[in-house]
Each structure stands twice: as structure tokens, then as C-alpha cells.
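Step one of this worksheet: look at the structure below.
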Amino acid sequence: MKAMILAAGKGERMRPLTLHTPKPLVQAGGKRLIEYHLEALARAGFTDIVINHAWLGQQIERDLGDGAQFGVRIRYSAEGEPLETGGGIFQALPLLGDEPFLVVNGDIWTDYDFIRLKQPIQGLAHLVMVDNPAHHPSGGDFRLDGGLLHDAAPGADNLTFSGISVLDPRLFAGCSAGAFKLAPLLREAMARDQVTGEHMTGRWIDVGTLERLAQVETLLTAGH
């Protein structure tokens, strides 16, 4: 199974760090954020990895190279303009092939074991969900019901999408090149009971701000 790391965001909420450094290359615990993913993916047996990029993307290619230093093979999907999550994955499909593939946001930190996602999925997508974090306390994104994911509902035990998933290329059937979001495709598939999910209870931080970057730094330097 191949894997894709989403690394095309500008990281505007993390300025000034991201003015001259793409967010996936920002360091925490003496290591670039994206390195944690590459090492975890390699441990789990994912050796063919696609990374998309836009903002300062040449720095990503320069620093990571072909992936040999991490024990993986990296190919890049360069975006002249950011294509959003859906459009970015769609552009990379020729590099990802015809089988389901793992996708992980480049700007999260987690101790999730990616080997859990190597088994075949049922339907068009499988999403890893987390408890709603402090910066996203109410509403949530989706709810789990008998292993299937559905849109969030008032009063339900809604959860937040972790940015970790396995997607079947058929999810993008009928799409056209350009910028578009992933969520509408997922919701259409959910309506047909084609999206499964799991609730992870490990450590997970969406490193979207300097404050949350500091949280990761604290965790890592404390050795937890």
C-alpha cells in the first residue's frame, strides 16, 4: 500500500516561522514535523510515499530528497497553486495507483501506529477519528455508528477527523482537475454507507498554531 503526506499548506497561522520555511519542515523536538511521519510510515512498512507541495515546496524536495535517508521512496506532486485537499490528492492519483492508499496530513503529530491501516477497507474510505480537541470542542466533524461514519448530529457523540485516512481512488470518480475540498466527496460516500471509521485514543495534536507546536515540543522534550 502506498501513502501520501499532504504538505501543500502555507501555515499562515504559524508565522513568522512559516514565512521562509514550509510548515512540514518546522522543527519540534529537534526534528522536522514531516520526519516523524516518514519514520512512522517506514516502521509500518509503507515504503512508497507521495508528498504534495506548493508553498516553498522546493525546500521540501531539497531536504527530503528521494527518501533513502528514511528508508522509503518519495515522489513529489508539485502544485503551482494550492489545490486544497481533494484537488491535491486527485492530481497525485497517477502516482498513487489503482489500490487504496493511506493519507496523512503533514501538519499533525501523533503516536498512531500506521500498521493498523494496512488491512483492506470496506467501501471507499476509512477515517481515523479523535476526541474533539480544545480548539474544536463542539460539533465535531462526523459520528461513528456501528463502524460506519455519518455526518455530525446535534447531541450525538461527534468526533474530529484526525487527518489520517485510507482512501480508494474510486472516491474521486467523476472529479476534474483543479482545487476542491475532500469533505463533500466523503459526505456523498457516507450517505451510501461507504465510509468506515475508528476512534483512536492515542496522542494527537493538530500543529496549526505556534501554541500547539509548543505542546508538541513539551511532549517530546519530556520524553512522553
## Note on the structure
Scanning the range 144-194 residue by residue, the ones that are among the charged types (D, E, K, R) and in contact with a helix residue (DSSP H, G or I) (Cβ under 8 Å, 6 or more places away or on another chain) total 2
## Note on the structure
Contact list, first residue from the range 32-51 and at positive phi, second anywhere and of a type outside the set (A, V, I, L, M), beta-carbon distance below 9 Å, six or more apart or interchain, is 45/114; 45/118
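Free of Cβ contacts under 8 Å to residues at least 60 places away in the same chain, surrounded by 18 or more Cβ atoms within 10 Å (Cβ to Cβ) and not in a strand (DSSP E or B): does that describe residue 149?
Considered against the rule, which asks whether it is free of Cβ contacts under 8 Å to residues at least 60 places away in the same chain, surrounded by 18 or more Cβ atoms within 10 Å (Cβ to Cβ) and not in a strand (DSSP E or B), residue 149 comes out as no.
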## Note on the structure
Residues of the range 45-84 being assigned to a loop (DSSP other than H, G, I, E, B) and touching a Pro at 6+ places or on another chain (Cβ under 6 Å), in sequence order, are 54, 55, 56
### Message
I'd like to verify a number: residues in the range 171-185 that are part of a helix (DSSP H, G or I) and exposed (fewer than 13 other Cβ atoms within 10 Å of the Cβ), how many?
### Response
1
### Query
Tally time: how many residues in the range 124-146 are charged (D, E, K, R), under 30 Å from residue 211 (Cα atoms) and part of a strand (DSSP E or B)?
1
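Hey, among the residues in the range 91-132 that are polar (S, T, N, Q) and closer than 17 Å to residue 4 by Cβ, which one's surrounded by the fewest Cβ atoms within 10 Å (Cβ to Cβ)?
Restricting attention to the range 91-132, the residues satisfying the condition of being polar (S, T, N, Q) are 91, 105, 110, 119, 122, 132.
Now drop any that are not closer than 17 Å to residue 4 by Cβ, which leaves 91, 105, 110.
Working: 91: 18, 105: 21, 110: 23.
Of everything passing the filter in the range 91-132, 91 is surrounded by the fewest Cβ atoms within 10 Å (Cβ to Cβ).
Which residue out of 166, 104, 72 is closer than 21 Å to residue 193 by Cβ and either at pLDDT 95 or above or charged (D, E, K, R) (or both)?
Just one listed residue meets the conditions, 166.
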### Query
Residues of the range 88-123 being part of a helix (DSSP H, G or I), out of contact with any Asp or Glu (no Cβ under 7 Å at 6 or more places or on another chain), closer than 29 Å to residue 216 by Cα and of a type outside the set (Lys, Arg), which ones?
89, 114, 115, 117
### Query
Of the residues that sit in the range 107-134 and are out of contact with any helix residue (DSSP H, G or I) (no Cβ under 9 Å at 6 or more places or on another chain), among the aliphatic types (A, V, I, L, M) and modelled with pLDDT of 90 or more, which one is nearest to residue 196 (Cα to Cα)?
121
### Query
From the set of residues in the range 186-202 that are under 16 Å from the mean Cα position of the chain (by Cα) and surrounded by 14 or more Cβ atoms within 10 Å (Cβ to Cβ), which is farthest from residue 101 (Cα to Cα)?
200
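The values are calculated or read from the model by the stated rules, or taken from the named source; none is laboratory data. Predicted, not measured: the structure shown is a model, and the values here were computed from it. Quick reminder, even Gly has a Cβ in these numbers, built from the backbone with ideal geometry, and neighbours come from all protein chains shown.
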